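Remarks on the structure that follows.
The values are calculated or read from the model by the stated rules, or taken from the named source; none is laboratory data. Small disclaimer: the values here were computed from a predicted structure and weren't measured. Here the Cβ positions follow ideal geometry from the backbone for every residue, glycine too, while neighbour counts run over all protein chains shown. All accessible areas refer to the heavy atoms of the entire protein, side chains included, with ligands and DNA or RNA removed. Shrake-Rupley method; radii C 1.70, N 1.55, O 1.52, S 1.80 Å.
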Amino acid sequence: MEREQLRGVVIISLPPPGDPNKGKTLTAFTISNNHDHLQQEPAAAAVTTVPSYPESQSPAAVRLSLLRLRAKRAVAAVLGLSLLLFSIWACLFAEDPVQLLRGQEEDGRSRYSSILLPLFSKPRAQEVAGGGGPFRPLVTGVKLAKVSVTNSSAVIPIRGNLLPDGQYYTSVFVGNPPRPYFLDIDTGSDLTWIQCDAPCVSCTKGPHPWYKPSKGKIVQPEDHLCQEIQHNQNQWSCDSCHQCDYEVAYADHSSSMGVLARDEMQLMMSNGDKSKVNFVFGCAYDQRGQFLNTPAKTDGILGLSSAKVSLNSQLANQGIINDVVGHCISGGANDGGYMFFGDDFVPRWGMTWVPTQNGLTNFYSTQVQKVGYGSKQISIGQKGGNAYLTVFDSGSTYSFFPNEIYSSLINSFDYHSHGLISDNSDPLLPVCWQDSSLRSIGDVKQFFEPLILHFVKRWRILPTTFTILPDDYLVINSKGNICLGILDGSEVHDGATIILGDISLRGRLVVYDNVQQKIGWARSDCFKPQKPRDFPFFF
């Protein structure tokens, strides 16, 4: 008779008599009869420990122990799920996770470095009209604070008054030998231009001698950047000309006219290297409009739009940086800030991002679906339910809202009940209030609500908002009145665009990413830039 095969066996070992808490051990084996002899194979994952309890424990105590064990496992599961959900949230609302795997060179450095520049604001002075940017603001300023720049990563102390002056500039070094020029930072302008003696027809005297180009520095008409800027300005190119002429017109009917020049710019990279690059800029010899009425303490404008002729685009096209530019303007009573080119100082976590609106313009624009004042909704898109085009413009001192939003906002203010008296005597800021006890914005900001811009939802599910606190839209004018720093935008652009100027961008790091076509922001004291961490603090 053939011997019956044994297919499996389970061995149970009891705990030692003196220590029953060690539990029982279960071991499973499979045994096959191959070629008339037994072969023993351990089963995969077949060892299990079953808790055992002393005989003195009651069944109730055993159940209590099991309940405690299950509770601990439940808590661990909740913590793990929370961590997972937070990671998903960070990926959705902060940067794309793929950016954590940024390409590196063999020496461990990223392919591109970044350029870091300090920002300065003009000290307070008598208010006059003027400013920079395609949405020309109303600004003030007469005297410059004396500053010194040591290197790109140094903390630069800034002194002076922030508002209502509101014009920010940085220092660039152009020529050989390099000479400094103070330029207003303007994310709404394409072309960088400097006051120039070529010779000068109508110019204001800036803080530095006018730039004087040599004949070899003048850009020829066949240059691709000349053709680009003349195409954007709807100008016909001149094949017989020996220079590239340009004219930039602004919304307040100001203008700058000149020729394009190419010269060296000296830059300090974030890795400590000094770099000299050739860049094209406007040699401006004829200024009109508000440029002539403003006490000019800057030498021109630093164009930072997404156009090919902007400084950041030129640096990116030369392989010096990624086409990313950011600025951080200090809020409250503080002054100054910093700006940078490249992505070394872009946080990987904690940023709110919205996609840029593709269009015919080079503005950094996106779409806002609705606007709220506190818990009250004051506007839902334009007629037909379309979203409002919204432009981030560091060249504008104040913010501008379409008339319907502007009117609804003013009607929402409950200033009578708080003892504020209306005062419309300021020609630049038409909505103001008197208060005999007013000393600072902090004295009255509790009487006002935050403004909340609701952007078009991502994937039609996730909301994204930009909150403008009372500190970010109220200013104190030269008469000591509290004024609304948001103006009627009926005559700006197409009259239906929201423009966020410096007053609403303060206290934030704002990043314009032309590589991934998005705009991001995060609250910051703007004290100094920080290299981003690869992971959140708890990893």
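Close contacts from region 513-530, counting a first residue that is more than 13 Å from residue 351 (Cβ to Cβ) and a second that is outside any loop (DSSP other than H, G, I, E, B), with Cβ to Cβ under 6 Å and a gap of 6+ residues or different chains, come to 526/328; 526/337; 529/338. Every test in (1) surrounded by 13 or more Cβ atoms within 10 Å (Cβ to Cβ); (2) modelled with pLDDT under 90 is passed by residue 386 save one, and that test is (1). Number of residues in region 197-219 that are farther than 22 Å from residue 264 by Cβ and modelled with pLDDT of 90 or more: the value is 0. The residues of region 441-494 that are open to solvent by 30 Å² or more (accessible area, probe 1.4 Å), modelled with pLDDT of 85 or more and in a strand (DSSP E or B), listed by number, are 452, 454, 465, 467, 476, 488. Would you please list the contacts, defined by Cβ atoms under 9 Å and residues six or more apart or on different chains, that run from a residue in region 474-497 that is of a type in the set (Asp, Glu) to a residue that is in a loop (DSSP other than H, G, I, E, B) and surrounded by fewer than 21 Cβ atoms within 10 Å (Cβ to Cβ)? From residues that are of a type in the set (Asp, Glu), the pairs are 488/430; 491/251.
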